[in-house]
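The values are calculated or read from the model by the stated rules, or taken from the named source; none is laboratory data. This structure is a prediction, so every number in the text was calculated from the model and none was measured. Every residue, glycine as well, gets a Cβ built from its backbone with ideal geometry; the counts of neighbours run over all protein chains shown. Keep in mind that these areas ignore ligands, DNA and RNA; they rest on the heavy atoms of the full protein, side chains included. Shrake-Rupley method; radii C 1.70, N 1.55, O 1.52, S 1.80 Å.
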Amino acid sequence: MANTACFIIVGRNDIPIYEAEVGSAAKLTPILSIWQREDAAQLHQFILHAALDVVQDLAWTTSAMFLKSVDRFNDLVVSVYVTAGHTRLMLLHDSRNEDGIKSFFQEVHELYIKILLNPLYLPGSRITSSHFDTKVRALARKYL
Amino acid sequence: MVEPVNSSFGKMLLEEVSPVVMVLCTPLVEETFLKNGLSFVETLKPFCNFRNIDVPVRTSSDQLYRLKKFTLRLFYASDIRQPNVEVAKQRLEHVITQAGEKDFQDLKFDPPQITDILSNPESEIAPSWFQYYNKELIRTLSFSDHEAFDHPVACLLVVSSKDEEPINKFVDLFNSNRLPTDGTMDPNILKHYLLVHDNQDATTERTSKVLSEMRSQFGSNECNLLCTNSSKEGNVDHQANPWASFKSSVSADKLGCALTGDDIVEIKDLMQEFASRHIIPYMEQKVRELNQQISATRKGFRNQIKNLWWRKGKGDGPDVTKGSMYTYSSTESQIRILGDYAFMLHDYELALSSYRLILTDYDIDKAWKHYAGVQEMMGLAYFISDQSKKESEYCMERAFSTYMKLGKSGFQNALRCGLWWAEMLKARDQHKEAASVYFRICGEEPLHAAVMLEQASYCFVLTKPAMLHKYGFHLVLSGDHYKNCDQVNHAIRTYKSAISVYKSTTWSHIKDHIYFHIGQWYAIVGMHDVAVRNMLKVLDCGYQSKATQEIFLRDFFDIVKKTGMKHEVVGLKLPVINMSSLQVIYEDHRTYASQASALVEESIWQSLEDDIIPSLNSGKSNWLELQSKLLPKKYKESNVCVAGESVKVDLEFKNPLLISTSITSVSLICELTTNSDDLKLVDNEPSSSSLGPEISTEHNQVTTSGFSSFTLSEVDFTLGGGEKNLVRLTVTPSEEGILKIVGVRWELSGSIVGVHYFQSVPVKAKTARGRRKNKLTPTDALKFLVIKSLPRLEGSIDHLPEKLYAGDLRYLVLELRNKSESPIKNLKMKISHPRFLSPGNHEEELTTEFPDCLKKGDEQNIVQHETNRTSSVFAFPKDVSLQGDRSLRWPLWLRAAIPGTISLYYTIYYEMENVSSIMKYRTLRMHYTLQVLPSLQTSFEITPSPSRLQEFLVRMDIVNRANSGCFQIHQLSTVGCRWGISLLQPVDTILPSKSLLAGQALSCFFMIKDCRKSGTEDEEIMSLPPSQTDVKLFTQDDDEKLFDIVSSPLASFHDSERSCQGPSVQVSPNTVDFILISRLAKSSSPSVVPDLPKILTHHSCHNSIRSSSPLSWSLDGPQTIHHDFLTSLCEIKLKMVIRNTSEGLSSVTINTNDCLPDAAAPTSSSGNQSGWRYVPTVTEEMKLTSDVMGSRLGKPPSSMESSPPFIWSGLSSTKVQIQPLSTTEIPLQISVFSPGIYDLSSYKLNWELSEHESATSSGTCQGYPYYLTVLQSE
């Protein structure tokens, strides 16, 4: 399995509504030797958060939902999928398996829609369903 | 967009890429100028920038153009060499440190708003020292040998007039200071001679003599005189000091103090002349010369072919990267010089063409450094001449990547290239690309990387639209790098800017990282208070790993300790307060005996108290009236509490962390305003509620410490990781007034005081205990009107068991106590479950030990309990009054009626005597929960005895339902005097083991007898000795007496059982009530129920007698008859005895039926359940009857079918009238024709019952089987 670092679903107001560290943690590149190992989660969030700017620009230039890789930080690449409701599925990874990532995003999108259909789920709030979590992790194992 | 030349980068380029003048001077010259606090070069520097020099220039082409702007760079000869890397590094570090110290004061301010950042003009976004830093950085790279623009164009030789033999000095100066580099620089450069005359201490004569000597020696054109220091006193004050911007470290006003305005003008003129008369023409000439030379050797097709062929041969050799392969006289260097000079003379066309010419040469030669250098210059030339953007970018890119390819040695060059590139992009508003260039030149050295990252971040702000996320990210990266090389000030500065981006972020890790680190760093620079403020934001980090949480907390407390004071923090997140758990418990006229009773729904109490508290129109209106008189209208809505009685607040604290934290001194924050000035306060109310939290806090503190008009409880506890704790806080007002509960405060680890105000959060409506007052606002729910202290009754039940077996009968004592001096009276009590609890008759009634007091022979208890049982209100005797710590002990009987968990509520109403208060009465509410375990379960079946009319068989089934525990059966009694009971078997055979084990079932049989003889004999029956109604079911302890079931607790409990168990309206005459008294066997384990029950009573009421039709009858006759059928048929006489068991007159018709009962008859075909027909007037017993008959008919004995028929002889239908409760005999006769066994059930009794005049009922009874055996006599 390739090194995939972090998967985040970002709601409309740039609020993360789901986070998962999937796969083995990516190696940190020399420039970040000043960051300790346990800071990896923070770094991942920083990179993904910074990529939101680029997504904002890109999302309106194409009609496709899958934006491919939009940003990179050293070896780490950010791939993004924007749903119609402008929820962004962001994946930080270092492999170049674009097809797999695309399928992964599409399947997670379906899961997300199922979550949205739940009348008890308030759109924009954090996804706490453990079922969703298991499914996403299974998909990550399958495609990434 | 600005024209490239006028952009800041264009200006910078014009300054940086400009002719270098090498300065050689004697020590005396330096001395002269040091009087001004400046060296010679520094003195001249401000005058080397010419805005409008306006010199005509003609280079390669024949066209003249005018040079407007021009700059000269002056350097001491000793400086014209590649600077030492280490020294340069130190200087850069110094620059940064200085800048950091300058910013230090700003650090404690709050981070700027992001909108402010965006609205700033471009130039103010990045700190100004970046420009300076970049310049210094580029300077470290000057004088490299692959470039020509740093090579000195001219040499300025300076000698003071005080020097001895000045002419010789000039010669010596140049000879001793040869050009530093080994052959790449042209030694034949323009020389200019300058004599410095110090007006302060040199004579004019000597100077003019030396000057004339110089002129004759070196030529008059190349010599100049500079007179300085004209001011004798040396205190000239310059407005707009020209040196100030160049030298900031020394106080600016001292600079140039000896130079008058004339001196400055002289210096200016000197430099202008030097540039325009000497340098520019010299360069112009050189360019033309070189151009000609190069055109001759390199231009044209022939020359190019030749060059290529020659290169090819050379290119096969080893890869030479050393610069030394090109000396100043080599063609390549010449071309480069041509290009650079043309660049400096602003002839970019020529420059570009010459650069292009050598580019391929360097490429073929694999001289990568030179190649990159040329690419770089091309890029700049493209930019400044405003030509193709793409070209310039391409050139810079190539230059950059080529430098990078060179590895470490090329990195510095790549750095400069990158900086220029970035500047270039910025000048073209391509900030995003500029940022990525900055990012690429970060390099490995952290300090450098930090500066570059910070510059990158500012680029992101400048992009349109601003990329704030990237801005924040790069600031954070930069800050980390700063921290890594101990530039804490800068680190804080960058993080502070980053906070403005991340302020309201919900990305948890980001937030924690930023606030935690900036907090740490503030602590390093000693700003502990700011550090604490920032660290507070990371405390609520439940999602972090345990290790991280520990680090956070440890550092936080370290910093707090260092501040050395207690911080009071409003809205501290540790622990988290669950506001929905807030519950206020207070007592007005409703008082509670225990915590549990306070939590019971108010509606339960209200329904319980309905008929004991004064009704609305009588009592309540009075005190309402009174209240409205006493109190302003406003207070009617607020809750009432009594001085001296505590108001309790339940609040849940939750630890969000995985680490346990200790929380101490948790207490409420309250305000109590005394009655005297409450009116004033009411007026102030609206304004005070709008005050900020800080002010109201102060108000609190004052109130708390000033008057101690209320006392607060303090609670300490420790919360483990993720734990919740419900804390009970109390406030006890001691004076009348208005009490307000404002908030809660607590101490965290003894160093941080957390404060939480309730008002800021909406209190849920549920929390207000005053549910009656639905219009209460949340604030009002925490506001109390404190009234004068009142007597308060306390009550408890001693030794109330929590677990007991069903049927357990206990004697309990209710203890009531009034601690205050004023008496209370008119006590009433109401119990929610009279089936479980029944109050005793009088105070301390027991003289003998329970349960012996219930036994027979104890005459005092036989007194019938006369209390009216219909209402469950129990009024204490009128003379009962309590005061002054006297306690009242009242007996209570408890009987666990049914298994399960039972909530017992009872409320005691009392009135206060001689207290003039708005409260006339109070109620004490008590609540207990009992767990009742199942014990013995009894069921009875009563069937009429087939042989005796007055007697009935009773089968008692007992099952021990308890999980463990054996019971002994003690006694079975029938209630009332009608039924006498007797054993059918000896006691020993019923239960040989004497106790009933868990799960064991037992059946035993008894006989009961109706003692009533007839309707008129009732009185006689009543006088029968009661012992007849009890059966002793134990053998040992023969002397032990039986319990008297008519004694007060048993009888009263039986009454309530009766009303609970059975139909309360219709009391049918033919029912029997049984009481089984058992006790727990000694051997059973006591673990289940804490204290052993003494006796258990099991009441079973309304056991009806099966087949209790209004008639009972029996057929009397012989069982077996011998008859000689040969002689005659056999006639048998029978007698039917019919008893009317009902209260009414009945007429009975007996119909005998000679046909055999047919299987197809409607009664039998339908089987059993549906066999009865509903007759509206028939009583319920009737249904039972026909049911029994039907089922009996359904399965007739098989022998009957084979038996020969018999015929009823005599009367076939007889009608008789039977008086109530009387017996009639009717003779019957059958004729039998052959021997056999006969079932004589083929008769019917049709009865019609008229109980009263109006109501009549009728029914039919089938006959009983009666078997008659007729034998042939021998």
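May I ask you to list the residues in region B:1245-1264 that are small (Gly, Ala, Ser) and modelled with pLDDT of 70 or more? Please lay out each step first, then the result.
Let us first name the residues in region B:1245-1264 that are small (Gly, Ala, Ser), namely B:1250, B:1254-1255, B:1257-1259, B:1263.
Answer for region B:1245-1264, where residues must be small (Gly, Ala, Ser) and modelled with pLDDT of 70 or more: B:1250, B:1257, B:1258, B:1259, B:1263.
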Open to solvent by 10 Å² or more (accessible area, probe 1.4 Å), closer than 17 Å to residue B:199 by Cα and part of a helix (DSSP H, G or I) - does that describe any residue in region B:31-52?
yes
Sole miss for residue B:579 among (1) open to solvent by 20 Å² or more (accessible area, probe 1.4 Å); (2) within 14 Å of chain A (Cβ to nearest Cβ); (3) touching a Pro at 6+ places or on another chain (Cβ under 9 Å) is condition (2)
Can residue B:447 be described as surrounded by fewer than 21 Cβ atoms within 10 Å (Cβ to Cβ), more than 10 Å from chain A (Cβ to nearest Cβ) and not β-branched (Val, Ile, Thr)?
yes
One residue is enough: does region A:83-94 have a residue meeting the conditions open to solvent by less than 60 Å² (accessible area, probe 1.4 Å), in contact (Cβ under 8 Å) with a residue 60 or more places away in the chain and of a type in the set (Gly, Ala, Ser)?
yes
Of all residues in region A:48-66, how many are closer than 21 Å to residue A:21 by Cα and more than 12 Å from every other protein chain (Cβ to nearest Cβ)?
1
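Take region B:459-471 and flag every residue that is more than 12 Å from chain A (Cβ to nearest Cβ) and buried (at least 24 other Cβ atoms within 10 Å of the Cβ). Outline the logic, then answer.
First pass over region B:459-471, keeping only residues more than 12 Å from chain A (Cβ to nearest Cβ): B:459, B:462.
Listed by number, the list holds a single entry, B:459.
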Report the residue count in region B:548-576 for those that are part of a loop (DSSP other than H, G, I, E, B) and either open to solvent by less than 30 Å² (accessible area, probe 1.4 Å) or at pLDDT 80 or above (or both).
3
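In the list B:338, B:357, which residue meets the criterion of being surrounded by fewer than 24 Cβ atoms within 10 Å (Cβ to Cβ) and at pLDDT 80 or above?
On the way: B:338 fails: surrounded by fewer than 24 Cβ atoms within 10 Å (Cβ to Cβ).
Answer to the selection: B:357.
Could you check how many residues of region B:538-569 are hydrophobic (A, V, I, L, M, F, W, C) and within 14 Å of chain A (Cβ to nearest Cβ)?
Residues of region B:538-569 hydrophobic (A, V, I, L, M, F, W, C): B:538-539, B:541, B:547, B:551-553, B:556-557, B:559-560, B:565, B:569.
Cutting the leftovers down to within 14 Å of chain A (Cβ to nearest Cβ) gives us B:538, B:541, B:547, B:551-552.
Matching residues across region B:538-569 total 5.
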Among the numbered criteria (1) over 60 Å from the mean Cα position of the chain (by Cα); (2) open to solvent by less than 40 Å² (accessible area, probe 1.4 Å); (3) modelled with pLDDT of 65 or more, which single criterion is violated by residue B:1051?
(1)
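Please work out if residue B:281 is at pLDDT 70 or above and open to solvent by less than 50 Å² (accessible area, probe 1.4 Å).
Numbers: at pLDDT 70 or above: yes; open to solvent by less than 50 Å² (accessible area, probe 1.4 Å): yes.
Against the criterion (at pLDDT 70 or above and open to solvent by less than 50 Å² (accessible area, probe 1.4 Å)), residue B:281 qualifies.
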Specify the residue that is surrounded by the most Cβ atoms within 10 Å (Cβ to Cβ); the eligible residues are those in region B:882-902 that are modelled with pLDDT of 80 or more and assigned to a loop (DSSP other than H, G, I, E, B).
B:896
Residue satisfying condition, being facing another protein chain (nearest Cβ under 9 Å), at pLDDT 85 or above and closer than 21 Å to residue A:42 by Cα, within set B:474, B:517, B:509:
B:474
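If I ask for residues that are part of a loop (DSSP other than H, G, I, E, B) and open to solvent by 10 Å² or more (accessible area, probe 1.4 Å), which ones from region B:807-838 would you list? So that I can check it myself, show each step before the final result.
Kept after step one, since they are part of a loop (DSSP other than H, G, I, E, B), are these residues of region B:807-838: B:807, B:819-823, B:832-836.
Passing the criteria: B:819, B:820, B:821, B:822, B:823, B:832, B:833, B:834, B:835.
Can you report the number of residues in region B:1111-1143 which are of a type outside the set (A, V, I, L, M, F, W, C) and in a loop (DSSP other than H, G, I, E, B)?
Here is the first cut: in region B:1111-1143, the residues of a type outside the set (A, V, I, L, M, F, W, C) are B:1112, B:1114, B:1116-1120, B:1122-1124, B:1127-1128, B:1131, B:1133, B:1135, B:1139-1143.
With in a loop (DSSP other than H, G, I, E, B) added as a condition, the list becomes B:1117-1119, B:1124, B:1127-1128, B:1141-1143.
Qualifying residue count for the region: 9.
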Residue ID - modelled with the lowest pLDDT, chosen from residues in region B:730-770 that are aliphatic (A, V, I, L, M) and surrounded by fewer than 20 Cβ atoms within 10 Å (Cβ to Cβ)
B:765
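Would a scan of region B:363-385 turn up a residue that is among the acidic types (Asp, Glu), open to solvent by less than 10 Å² (accessible area, probe 1.4 Å) and more than 18 Å from residue B:285 (Cα to Cα)?
Filtering region B:363-385 down to residues among the acidic types (Asp, Glu) leaves B:363, B:365, B:376.
Those still in the list that are open to solvent by less than 10 Å² (accessible area, probe 1.4 Å) too: B:376.
Adding the requirement that they be more than 18 Å from residue B:285 (Cα to Cα) leaves B:376.
Yes, that holds for at least one residue.
Scan region B:580-593 and tell me whether some residue there is under 24 Å from residue B:507 (Cα atoms) and outside any loop (DSSP other than H, G, I, E, B). Walk me through how you get there before you give the answer.
Filtering region B:580-593 for residues under 24 Å from residue B:507 (Cα atoms) gives none.
No: zero hits.
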Scanning region B:477-498 for residues that are surrounded by 23 or more Cβ atoms within 10 Å (Cβ to Cβ) and among the aliphatic types (A, V, I, L, M), the one farthest from the other protein chains (Cβ to nearest Cβ) turns out to be B:492
Across region A:37-82, the tally of residues that are surrounded by 14 or more Cβ atoms within 10 Å (Cβ to Cβ) and of a type in the set (Ser, Thr, Tyr) stands at 3
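Would a scan of region B:427-434 turn up a residue that is open to solvent by less than 30 Å² (accessible area, probe 1.4 Å) and in contact (Cβ under 8 Å) with a residue 60 or more places away in the chain?
Taking region B:427-434 first, the residues open to solvent by less than 30 Å² (accessible area, probe 1.4 Å) are B:427-428, B:431, B:434.
Filter once more, keeping what is in contact (Cβ under 8 Å) with a residue 60 or more places away in the chain: B:427-428.
Yes, region B:427-434 contains at least one residue that is open to solvent by less than 30 Å² (accessible area, probe 1.4 Å) and in contact (Cβ under 8 Å) with a residue 60 or more places away in the chain.
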Checklist (1) touching a strand residue (DSSP E or B) at 6+ places or on another chain (Cβ under 6 Å); (2) assigned to a helix (DSSP H, G or I); (3) among the hydrophobic types (A, V, I, L, M, F, W, C) applied to residue A:127, failing item
(2)
Test each condition in (1) in a helix (DSSP H, G or I); (2) open to solvent by less than 10 Å² (accessible area, probe 1.4 Å) for residue B:501 and report the one that comes out false.
(2)
